[in-house]
1. What number of residues in region 65-85 are outside any strand (DSSP E or B) and either over 30 Å from CYS155 (Cβ atoms) or in contact with a strand residue (DSSP E or B) (Cβ under 6 Å, 6 or more places away or on another chain) (or both)?
2. Please go through region 48-85 and give me each residue that is buried (at least 18 other Cβ atoms within 10 Å of the Cβ) and in contact with a Cys (Cβ under 9 Å, 6 or more places away or on another chain), ordered by number.
3. Across region 1-46, what is the number of residues that are part of a loop (DSSP other than H, G, I, E, B), over 16 Å from TYR152 (Cβ atoms) and at pLDDT 90 or above?
4. For region 135-149, how many residues meet the condition of being of a type in the set (A, V, I, L, M, F, W, C) and surrounded by fewer than 19 Cβ atoms within 10 Å (Cβ to Cβ)?
5. Could you list all residues from region 86-114 that are surrounded by fewer than 16 Cβ atoms within 10 Å (Cβ to Cβ), assigned to a strand (DSSP E or B) and not aliphatic (A, V, I, L, M)?
6. Which condition from (1) at positive phi; (2) touching a Cys at 6+ places or on another chain (Cβ under 7 Å) is the one that THR151 breaks?
Amino acid sequence: MMVTFRWIEMFLFFVLMLQFGGVHSGDLPLSFTVRDGDKVTLPCENLINNHHNCDTTVWLFTDSRGTPAVELVILGQIKEKAKSDRLSVTAECSLVIKKVTAEDVGRYTCRQFRGNPGRQQGPDAVVYLSVVSMTEHQKADEVTLNCSVWTYERCKHKVKWIHISEALDRDYSNLKTSESSCSATVTFLNDAYTHISTYDFKCSVV
């Protein structure tokens, strides 16, 4: 049975990170890493002064598969129907996403327009969103926990499981671990003799 592993405690270091690669040299696009199911607020850092209800703001979304950009917000109004119940815009024109999923991983662009017809004002403000997901798979007395990070570009995170306060960098007699790019797995026996519980584990993402 595969279920979302909601109850384990997770450490997220550098929840708000800065990465290079902006539209202009010296720009620093923001990058957020959040857990699936959480809410995230993506700031618009090129906001025009004296706007009215974000009527100068457009938010675009490009997923990690490289499909064409989707207009989420046009002149302050939510346009993406598939996500409309999870999207909102703050008074500062930040984009709020509720109940984040892996499908939300991608590149978000805040763009400003003014005039009729609208002309873009200033450079784009880019925000990257990554999502951490954790699952549990149980077969008889064997339990497997997986922690993965989904990113827009090549993953630069390091993921590992921690048991109580000890990092699991190798296999133990009653634990098996494996790590790959942006993912870590631990398998153990959950019975009366091993005294190991899912509550003993934390996922570390750095």
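1. Residues meeting the conditions: 7.
2. Those that are buried (at least 18 other Cβ atoms within 10 Å of the Cβ) and in contact with a Cys (Cβ under 9 Å, 6 or more places away or on another chain): CYS54, THR56, THR57, VAL58, TRP59, LEU60, VAL73.
3. Number of matching residues: 7.
4. The total comes to 1.
5. If the condition is that a residue be surrounded by fewer than 16 Cβ atoms within 10 Å (Cβ to Cβ), assigned to a strand (DSSP E or B) and not aliphatic (A, V, I, L, M), then SER88, ARG114 are the ones that fit.
6. THR151 satisfies every listed condition except (1).
The values are calculated or read from the model by the stated rules, or taken from the named source; none is laboratory data. No experiment lies behind these values; they were computed from the predicted model shown. Please note: Cβ atoms are built from the backbone with ideal geometry, for glycine as well, and neighbour counts cover all protein chains shown.
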